[in-house]
Amino acid sequence: MDVDFEKLIELQRLDTEIRKIQSLLDSIPSQLEAIDRQVETSAQTLSQARDQLAHNQKSRRELEGEVKDIKAQVSKYKLQLNQVKTNREYQSLLKEINDNQQKIDKLEEEIIGELLQADEIEVDIRAAVEKDNQEKTSLHKEKEALAQEKSRLEEELQRLIKSKQELLPLIPKDQAALYFRIFDKKGSIALSPVTDDFCTLCHMRVRPQMLSELVEKNQLLLCENCGRILYRVKEKPEPEEDASSAK
């Protein structure tokens, strides 16, 4: 039985395209997961900035509460100044008042530092909010584009599968079985064209006897090196010389 290499070549083209599209479809879920991770990372950055501001505000309230308590204590010491009877007690109260006032000054400096830091954090939060919104918009568009690409690929895959199903009955079962066995083993390419007496894929020279048998196209011949189905490529005719070049 003669071999219709054109149908086998078309089958290989369809299978190659099907495998390529299936690979692209298989990669889409991981791409979507990567986008979701980017969204989550952006949200975490904003959340961390807000947590930092909340911590700053808490520290400032604690410092302000400490200042309030010390000021209350200083007020008590000042009232006691009018009640002491000895100079020693008076000097001792003055020292306590002075020490506590120094504590207040130090704490108020820390409060000012917290306020300045809060301003910086609020700037960071505004920047993080803007960046988060921009990234979410951009990533949302990427997800939409991936969804559209997935739909297109699925339609193309169904079209290719249908073409393959229509083609298979036209190929003898034994030839199709051999093709699929080699296609699965090699991972995609089951046929190799012979050009200039060489197997194109493994570059092994084809014996003259096999070349003659390929011309007859009455059986499937495998490359003795790579094991793929060989087929002969029609050689392009040499261009005819024009009159001027002939002269």
- Does residue 151 satisfy the condition of being in the same structural domain as residue 228 (by TED's automatic domain parsing), over 15 Å from residue 10 (Cβ atoms) and among the polar types (S, T, N, Q)? no
- For region 125-150, enumerate the residues that are hydrophobic (A, V, I, L, M, F, W, C) and within 30 Å of residue 56 (Cα to Cα). 125, 127, 128, 129
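Okay, residues lined up against (1) assigned to a helix (DSSP H, G or I); (2) of a type outside the set (A, V, I, L, M); (3) surrounded by 12 or more Cβ atoms within 10 Å (Cβ to Cβ):
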position: 25; (1), (2), (3): yes, no, yes
position: 30; (1), (2), (3): yes, yes, no
position: 35; (1), (2), (3): yes, no, yes
position: 40; (1), (2), (3): yes, yes, no
position: 47; (1), (2), (3): yes, yes, yes
position: 54; (1), (2), (3): yes, no, no
position: 58; (1), (2), (3): yes, yes, no
position: 66; (1), (2), (3): yes, yes, yes
- Item | Output for region 77-110, where each listed residue is aliphatic (A, V, I, L, M) and closer than 30 Å to residue 61 by Cβ | 79, 93, 97, 104, 107
- Got a number for residues in region 173-209 being surrounded by 13 or more Cβ atoms within 10 Å (Cβ to Cβ) and under 23 Å from residue 19 (Cβ atoms)? 17
- Message: I'd like to check something: does region 191-199 contain any residue that is modelled with pLDDT of 90 or more, under 16 Å from residue 3 (Cα atoms), part of a helix (DSSP H, G or I) and among the hydrophobic types (A, V, I, L, M, F, W, C)?
- Response: no
- Query: Could you give every pair whose Cβ atoms fall below 9 Å, whose first residue belongs to region 115-139 and is at positive phi, and whose second residue is not in a helix (DSSP H, G or I), counting only separations of at least 6 or pairs across chains?
  - Reply: none
- Selection status of residue 106, in the same structural domain as residue 31 (by TED's automatic domain parsing) and under 36 Å from the mean Cα position of the chain (by Cα): no
- Message: Name the residue that is modelled with the highest pLDDT, counting only residues in region 223-247 that are among the aliphatic types (A, V, I, L, M) and surrounded by fewer than 16 Cβ atoms within 10 Å (Cβ to Cβ).
- Response: 233
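The values are calculated or read from the model by the stated rules, or taken from the named source; none is laboratory data. On a predicted model such as this, the values are computed, not experimentally measured, just so you know. Because the Cβ atoms are built from the backbone with ideal geometry, glycine has one as well, and the counts that use them run over all protein chains shown.
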